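Each remark here refers to the structure printed beneath this line.
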Amino acid sequence: MISVAEAIQIVRQQTQTLSTERVELEKTLLRVVAADVVADTDLPPFDRAQMDGYAVRADDVKETPARLQIVGESAAGRGWHHQLAEGQAVRIMTGAPVPAGADSVQQVELTTELKDGTVVELLETVETGKSIVKRGSEIIAGEIVLRAGTTINAAMMAVLAAFGYAQVEVFQKPRVAVLATGSELVSVDQKPGQDQIRDSNNYSISAYAELAGAITERMPLTGDETSLLKTQIAEAARRSDVIVTSGGVSMGVYDVTKAALKELDAEIFFERVALRPGKPTVFARLPNGTLVFGLPGNPVSVSVTFNLFARTAMLAMQGATEPSLKRETAVLARSVKGTVDRESYLPAQLTSNDDAELVAFPLKWGGSSDFVAFALTTALVIVPASVKAIEAGALVGVVRLP
Ligand code: AMP
Ligand code: MG
């Protein structure tokens, strides 16, 4: 059995980035940038007024009240492009270029216009540089503003727009097929008969995969029958980068996922991880290159193993710099128990206390099948293998769930 860390390492080693594509800016939210994004202009592109008021020479306002002659107006998009001389002022608006010769902007509230707007009286002195954002003080043309590997968020959309990226080079989205096994499963629109349950894993897996940037496809439900499963996996592999199955990976007579993968000549990288829940997780690659994650059937195991392993692969395929869940430290609010030979990832809710520390509240749950309780989970508390228990108040490792 390998550790969780080793398993994640193997996933990263076996995963290659997908090709890149140029995508219209408005379609790039949450995509991963494939090449460094470079500023094509200084920002601001000119000395910019930060207030409505008057562009002046600070020297002319050493004694107040000072009266200056208004010689023009500089508005946003329509500047006053002359040299400001001694004794002169230019009426200026927020966002407008500051004329040459002026070295400060006095806000309009501290001024009065006289003589039909030909003269302005300044009531207070003004510091040199006041209310001016100097050209290039935010960014100089040629600087890298977003590194390759960055996931584009809403604020970054503005950055891309400001530097003229009408299209952005991003990594392709992985195409993911989701495939549930189990002869007990019926689809969501059916009433389960005797001994049957509705398939829920296909929906959580697809949703997690979409949160990881994938394009998903749900394959038809497949019973516990090797030949049918083989057909479905082969079919899915023709148009997918990743297949995520659930169920059928334990040691039971009807656990046929591994048999199907072997018959399809898949290379199996691991099939047991020292993890609770989620020990029988399988990671393999089909001869055509499609990666397969064979997750256990229990819905809670699905969420844990998907986010530890399959999510990592999907983000790594998109070139993300940090594809794995980030480990943080929290104060444990209630004691938890560990397992002898496996690392535990236990459902919890994450909040913070008045000391600005993260606090993890482990949830009461009925084990790896209790997906109703799991729906409230926002994070997993990590208990190292062989630690019997961790007491309330101790610091623990946690990962947030997407
Ligand atoms: P298995 O890993 O196939 O032994 O399944 C473990 C448990 O998870 C069993 O109780 C299954 O009925 C349940 N299970 C398997 N697949 C699904 C699914 N797609 N949706 C909901 N429960 C499932
Ligand atoms: Mg099963």
Any chance you could count how many residues in the range 206-233 are within 15 Å of ligand 2 (Cβ to nearest atom) and of a type outside the set (Asp, Glu)?
7
Condition first: of a type in the set (A, V, I, L, M, F, W, C), more than 20 Å from PRO299 (Cβ to Cβ) and touching a residue at least 40 places away in the same chain (Cβ under 8 Å). Can you find one or more residues in the range 237-254 that meet it?
yes
Are there any pairs with C-beta distances below 6 angstrom linking a residue in the range 134-156 that is within 18 Å of ALA35 (Cβ to Cβ) to a residue that is of a type in the set (D, E, K, R) and open to solvent by less than 80 Å² (accessible area, probe 1.4 Å), with the two at least 6 apart or on different chains, and if so which?
ALA141/ASP42; ILE144/ASP36; ARG147/ASP36; ALA148/ASP36; ILE152/ARG31
Reported set for the range 330-370 where residues are surrounded by 18 or more Cβ atoms within 10 Å (Cβ to Cβ) and within 16 Å of ligand 2 (Cβ to nearest atom) is SER368
Counting just the residues of the range 10-29 that are among the hydrophobic types (A, V, I, L, M, F, W, C) and more than 28 Å from ASN288 (Cα to Cα), which one comes out surrounded by the fewest Cβ atoms within 10 Å (Cβ to Cβ)?
LEU29
Condition check: more than 13 Å from ligand 1 (Cβ to nearest atom) and of a type outside the set (Val, Ile, Thr). Does ASP199 satisfy that?
no
What tally of residues in the range 278-295 results from selecting those that are open to solvent by 10 Å² or more (accessible area, probe 1.4 Å), within 11 Å of ligand 1 (Cβ to nearest atom) and touching a residue at least 40 places away in the same chain (Cβ under 8 Å)?
1
Kindly state which helices (runs of 4 or more DSSP H) lie completely within the range 248-329 and contain at least 2 residues that are within 16 Å of ligand 2 (Cβ to nearest atom).
257-263, 299-305
Taking interchain pairs and intrachain pairs at least six residues apart, which have beta carbon atoms under 9 angstrom, with the first residue in the range 189-217 and farther than 19 Å from ASN307 by Cβ and the second within 16 Å of ligand 2 (Cβ to nearest atom) and among the β-branched types (Val, Ile, Thr)?
PRO192/VAL186; GLY193/VAL186; GLN196/VAL186; ILE197/VAL186; ARG198/VAL186; ASP199/VAL186; GLU217/VAL178
Residue by residue through the range 297-315, note down the ones that are open to solvent by 10 Å² or more (accessible area, probe 1.4 Å) and either within 16 Å of ligand 1 (Cβ to nearest atom) or under 19 Å from ALA259 (Cα atoms) (or both).
GLY297, ASN298, PRO299
Scanning the range 151-186 residue by residue, the ones that are on the phi > 0 side of the Ramachandran plot and within 16 Å of ligand 1 (Cβ to nearest atom) total 1
In the range 53-78, anything touching a strand residue (DSSP E or B) at 6+ places or on another chain (Cβ under 7 Å) and either charged (D, E, K, R) or crowded, with 20+ Cβ neighbours inside 10 Å (or both) is listed as GLY53, TYR54, ALA55, VAL56, ASP60, VAL61, ALA66, ARG67, LEU68, GLU73, SER74
Scan the range 103-134 for residues that are open to solvent by 20 Å² or more (accessible area, probe 1.4 Å) and within 46 Å of the chain's Cα centre (by Cα) and report the count.
12
Could you list all residues from the range 157-203 that are within 16 Å of ligand 2 (Cβ to nearest atom) and either under 24 Å from GLN16 (Cα atoms) or in a helix (DSSP H, G or I) (or both)?
VAL178, LEU179, ASN201, ASN202
Verdict on LEU229 being open to solvent by less than 30 Å² (accessible area, probe 1.4 Å) and farther than 21 Å from PRO402 by Cβ
yes
Please find, within the range 146-156, the residue that is farthest from ligand 2 (Cβ to nearest atom) out of those that are surrounded by fewer than 18 Cβ atoms within 10 Å (Cβ to Cβ) and hydrophobic (A, V, I, L, M, F, W, C).
ALA155
Can you tell me how many residues in the range 108-147 are within 13 Å of ALA89 (Cβ to Cβ) and in a strand (DSSP E or B)?
8
Looking only at residues in the range 246-271 that are open to solvent by 10 Å² or more (accessible area, probe 1.4 Å) and touching a Pro at 6+ places or on another chain (Cβ under 6 Å), which one is farthest from ligand 1 (Cβ to nearest atom)?
ASP265
Filter the range 218-247 for residues that are closer than 16 Å to GLY289 by Cβ and assigned to a loop (DSSP other than H, G, I, E, B) and give the result.
ARG238, ARG239, SER240, ASP241
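The values are calculated or read from the model by the stated rules, or taken from the named source; none is laboratory data. Since we're looking at a predicted model, the values are computed, not measured. Neighbour counts are summed over all protein chains in view; Cβ atoms, including those assigned to glycine, are modelled from backbone coordinates with ideal geometry. The accessibility values were calculated without ligands, DNA or RNA, using every heavy atom of the protein model including side chains. Shrake-Rupley method; radii C 1.70, N 1.55, O 1.52, S 1.80 Å.
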